[in-house]
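Q: Structure provided below as structure tokens; questions to follow.
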Amino acid sequence: MAKKALILYTTLGCTLCEKAKIEIWPVLEKLGLTLTSVDIADDERLSELFGWSIPVVGLGDTGDVLCWPFTAPELEVWLLARL
């Protein structure tokens, strides 16, 4: 069975996204998730939704996301409530 993916909504040159990844990596390993990056610049709807709030993480439902800033423990709690 494939691992479930955590989606990181990002875009080129997003320095906060690099900071978010530091919080994300330990949680991925702990919960057995993979990370998929989605560039919001490639999708007009995603740009409208997240253009001012990236980095944003989610599990596929763009109406249920966690926006930066977050810590690894906060991300873990958020994910555990949804997995």
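Quick note: the coordinates plus some simple rules give every number you see, no bench work behind them. What you see is a predicted model; the values in this text were computed from it and never measured. Glycine gets a Cβ as well: all are built from the backbone with ideal geometry, and neighbour counts include every protein chain shown.
Q: Name the cysteines of the chain that stand alone by the Cβ rule: no other cysteine Cβ under 4.7 angstrom.
A: CYS67
Q: Determine which lysines satisfy two conditions relative to LYS4: a Cα distance under 20 Å, and not lying fewer than 8 residues away in the same chain.
A: LYS4 reaches LYS21, LYS30.
Q: Would you work out the relative contact order for the chain, in percent, from Cα pairs under 8 angstrom that are 6 or more residues apart?
A: Here the relative contact order equals 37 percent.
Q: For labels at CYS67 and SER47 in the simple 7 Å Cα→Cβ model, what's the distance in nm?
A: Each label point is offset 7 Å from its Cα along the Cβ direction, giving 1.9 nm.
Q: Could I ask something else about it? To the nearest 10 degrees, how steep is helix 15-31 against the longest Cα principal axis of the chain, on a 0 to 90 scale?
A: Rounded to the nearest ten degrees, it is 30.
Q: Please say if the chain is rounded, prolate or oblate, where rounded means a/c under 1.5 for a ≥ b ≥ c the square roots of the C-alpha gyration tensor eigenvalues, and otherwise the choice is prolate for a/b larger than b/c and oblate otherwise?
A: prolate
Q: Specify which residue in the list VAL65, ALA5, THR15 is farthest towards the positive end of the charge dipole of the chain, using unit charges on the beta carbon of Lys, Arg (+1) and Asp, Glu (-1), about the Cα centre.
A: ALA5
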